[in-house]
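This report refers to the structure that appears directly beneath it.
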Amino acid sequence: LPSPIPCSLIQPVTPDLLVSPSSQDGDVGSECPEDRGNWTGRLDFLLSCIGYCVGLGNVWRFPYRAYTNGGGAFLVPYFIMLAICGIPIFFMELSLGQFSSLGPLAVWKISPLFKGVGMGTILIVSLVAIYYNMIIAYVLFYLFASLTSDLPWQHCGNWWNTELCLDHHVIKAGNNTLPVNLSNTVSPSEEYWSRYVLHIQGSSGIGDPGRIRWNLCLCLLLSWTIVYLCILKGVKSSGKVVYFTATFPYLILVMLLIRGVTLEGAWKGIQFYLTPQFDHLLSSKVWIEAALQIFYSLGVGFGGLLTFASYNTFHQNIYRDTFIVTLGNAITSILAGFAIFSVLGYMSQELGVPVNQVAKAGPGLAFVVYPQAMTMLPLSPFWSFLFFFMLLTLGLDSQFAFMETIVTAVTDEFPYYLRPKKASFSAVICIALFLMGLILTTEGGMYWLVLLDDYSAGFGLMVVVITTCLVVTRVYGMKRFCRDIHMMLGFKPGPYFRACWMVLSPATMMALLVYNIVKYQPSEYGSYRFPTWAEVLGILMGVLSCLMIPLGMVVAVLQEEGTLWERVQQASRPAMDWGPSLEENRSGAYVGSLAGSQSPKPLMVHMRKYGGITSYENTAMELEREMEEDEEESMI
């Protein structure tokens with residue numbers, strides 16, 4: 001195939017109506033081939049965002065957080081925090097990405113002094129991607145284990161079981177004759193998870209990882225292979241995969257919900273899940289928990305939203321998409337709670353114990369409690385396969401976002417070298433992260449996973465989001481940011497968004513950060529307490545992402561000239577080429593600032609395409625007038 005024509009050799013195309021007969025060679029602008037790539041379908045972006053936000057946390061964290069923080073009353077602070085903190089920051093990230101068409105590193109042309117924020121984001125996402133794919137590997141392990149007539153965690157009597165193992169059938173029979181002391185027993189599913197899947201008895205702690213579990217290693221290799229094949233062609237391939245991975249979980253969730261609510265004792269679990277305890281609303285802990293759930297569930301700060309939006313067309317209606325995704329994510333979490341707690345209610349009735357004794361969060365729910373509940377149902381392998389297939393699809397599209405964020409960020413920094421080799425570069429990243437994740441496949445790998453989960457995206461992520469919010473509103477300027485959104489969407493954000501960006505969202509996240517520091521608790525896994533060196537290592541993981549910010553500042557200041565204060569001022573201003581990536585979308589101060597731009601005119605219009613001035617062009621004209629007035633005021 002012939003090599004593509006370099007962008008610099010392409011002659012600008014001028015709409016006929018703007019060219020006078022005496023100036024047929026007049027330059028109105030140039031439009032280069034979109035070598036960065038864009039979404040190829042109308043729903044690619046929306047489904048990718050839904051798939052990214054709706055992940056494992058919706059199934060294994062939200063229901064548990066709800067019932068421990070006031071049941072149905074938890075929905076009050078949940079939706080308030082969604083309005084104050086979730087929706088505004090979500091919209092801000094999408095706006096930054098779509099306006100600039102740049103990844104999480106290059107987007108800091110908005111204020112090069114703070115490029116370290118982007119570096120911190122990439123560090124956080126890389127650490128999360130390592131352990132998140134290990135969770136997908138566990139899901140694959142259980143998925144394959146479900147392809148049998150009898151689930152392997154259904155009964156005791158296997159080589160990995162101990163004398164403490166007690167089958168639920170025995171428990172049920174025991175309840176009819178004499179009470180069984182459950183505190184000194186272990187379920188078959190719990191021993192299958194800890195003694196067979198993890199083989200954690202082969203490790204004495206985090207400092208003694210033990211041998212590699214080759215079955216887990218192969219599952220991890222498979223999960224990385226799946227991820228690589230799906231992101232091979234960037235958003236062109238992952239944008240098609242999400243049509244399945246973002247929608248199919250809803251089908252399975254509805255099937256599990258219908259099956260769950262038809263079980264005997266289901267109402268007992270649902271009642272436990274939703275019974276409102278309004279006295280909890282007086283506790284600050286409940287509000288903090290609601291904000292944390294919103295913060296992590298929507299995935300703000302990880303760069304995934306910004307990356308996805310950067311592949312949009314310039315006038316994509318991200319305002320509408322913001323409400324669709326954020327509200328859809330909240331409704332999914334609530335529905336998942338019904339599906340989970342209806343089954344837990346049935347399980348508690350079968351075992352003859354209260355619901356709060358079987359309810360757990362995180363991996364304990366996904367790999368111990370729910371699999372045990374599946375063994376009590378007819379056709380248990382079928383329901384188990386469906387459940388783990390749902391977890392697989394929920395996890396994969398979140399992992400796609402993490403990988404696309406890393407690859408896009410680096411290729412946008414070195415477009416001439418890496419963009420033509422994006423597939424090879426993606427392979428290098430996947431292999432590197434797979435090798436770093438091998439320690440998670442050892443007998444003590446769960447200890448490392450807990451450490452990564454607790455510290456990689458803790459206070460470091462909050463610092464990144466708070467800094468982003470403050471830089472955009474105060475350094476770059478709220479007025480300028482609203483004007484950029486006006487240029488994209490045709491309207492400016494209302495008082496609600498401006499109030500949240502200026503005050504409410506940063507204040508809420510600062511409260512979260514302070515709460516996390518004040519209420520700090522050392523990591524633990526079951527009865528195991530992590531040693532001091534492991535705690536220090538975890539804290540350093542969080543601090544390192546924060547240190548990227550001052551490090552980036554030092555580099556940016558050293559690249560400028562003048563006194564220290566002059567350097568800081570110059571580095572904090574937007575770069576010369578900051579703005580929309582295509583010349584046709586630039587107006588006012590952004591015109592002619594692209595490298596190699598040949599446009600002498602202040603406004604790019606596509607008369608041939610539209611046959612007249614469009615609403616966006618009217619907006620551009622208004623923005624130009626505003627910018628000219630502002631420039632005159634600043635000169636005066």
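The values are calculated or read from the model by the stated rules, or taken from the named source; none is laboratory data. What you are looking at is a predicted structure, and each value in this text was computed from that prediction instead of being measured. Using ideal geometry, Cβ is built from the backbone for each residue, glycine included, and neighbour counts are taken over all protein chains shown. Remember, those area values only see protein heavy atoms, side chains included, never the ligands or the DNA or RNA. Shrake-Rupley method; radii C 1.70, N 1.55, O 1.52, S 1.80 Å.
Determine how large the accessible area of Lys240 is when every protein chain is in place; take a 1.4 Å probe and give Å² rounded to the nearest 10.
That residue has around 100 Å² of solvent-accessible surface.
Any idea how far apart Gln277 and Thr247 come out in nm if each label point goes 7 Å out from Cα toward Cβ?
The modelled label-to-label distance comes out at 4.1 nm.
Given the whole protein assembly as supplied and a 1.4 Å probe, what does the accessible area of Leu351 come to in Å², nearest 10?
Only protein atoms counted, so the area is about 10 Å².
Please report the accessible area of Val261 (heavy atoms, 1.4 Å probe, ligands and nucleic acids excluded) in Å², nearest 10.
Estimated to the nearest 10 Å², Val261 gives 70 Å².
Order Thr563, Thr393, Thr532 by their accessible area, 1.4 angstrom probe, all chains in place, largest first.
Thr532, Thr563, Thr393
Residues with amide H under 5 Å of Thr442's amide H, sequence separation 5 or more or different chain, H placed in the peptide plane at 1.01 Å from N; which?
When sequence neighbours closer than 5 places are left aside, the close amide H contacts are Arg213.
Applying the Karplus parametrisation 6.51 cos²θ - 1.76 cosθ + 1.60 with θ = phi - 60° to the phi angles of segment 83-91, what ³J(HN,Hα) value in whole Hz is obtained for each residue in order, glycine and proline being reported as x?
The phi angles translate into 6, 7, 10, x, 4, x, 5, 4, 5 Hz.
Output the Cα-based Rg and Dmax of segment 304-430 in Å, rounding Rg to one decimal and Dmax to a whole number.
Values for segment 304-430 (Cα only, Rg and Dmax): 20.6, 65 Å.
Working with all protein chains in place, sort His280, His199 by solvent-accessible area computed with a 1.4 Å probe, largest first.
Working: His280 50, His199 30 Å².
From most accessible down to least: His280, His199.
Nearest 0.05, what FRET efficiency do Asn215 and Leu504 give at R0 = 45 Å with Cβ-Cβ as r?
Values: r = 49 Å, r/R0 = 1.08.
For Asn215 and Leu504, the calculated efficiency is 0.40.
When the Debye formula is applied to the Cα atoms of segment 119-172, each taken as the same point scatterer, what base-10 log of I(q)/I(0) results at q = 0.32 Å⁻¹?
The calculated log intensity ratios at q = 0.32 Å⁻¹ are -1.11.
Extension gain Ile331-Gln569, at 0.36 nm per residue separation less the Cα-Cα distance, in nm?
Contour length minus the Cα-Cα distance gives 81.2 nm.
How high is the FRET efficiency between Arg419 and Val254 when r is their beta carbon distance and R₀ equals 45 Å, given to the nearest 0.05?
Plugging the Cβ-Cβ distance into 1/(1 + (r/R0)^6) gives 0.65.
At 0.36 nm per residue, and after removing the present C-alpha to C-alpha distance, how many nm does the segment from Asn184 to Glu264 gain when stretched out fully?
Gain in length upon complete extension: 26.1 nm.
With N residues in segment 521-566, what two-decimal value do you get for its Cα radius of gyration over 2.2 N^0.38 Å?
1.94
For segment 395-482, what does the convex hull of the Cα positions come to per residue, in cubic angstrom?
Once divided by residue count, the hull of segment 395-482 is 139 Å³.
In segment 237-358, carbon and sulfur make up what percent of the accessible area (probe 1.4 Å)? List each step's numbers first, then the result.
On the way: 3170 of 4600 Å².
Roughly 69 percent, rounded to a whole number.
Going down the list Lys285/Lys360; Lys240/Lys422; Lys240/Lys360; Lys268/Lys360, which pairs span over 23 Å between their C-alpha atoms?
Table pairs above 23 Å Cα-Cα are Lys240/Lys360.
Arrange the residues Glu163, Glu524, Glu289 by how much accessible surface each exposes, largest first, with a 1.4 angstrom probe.
Accessible-area ranking of Glu163, Glu524, Glu289, largest first: Glu163, Glu524, Glu289.
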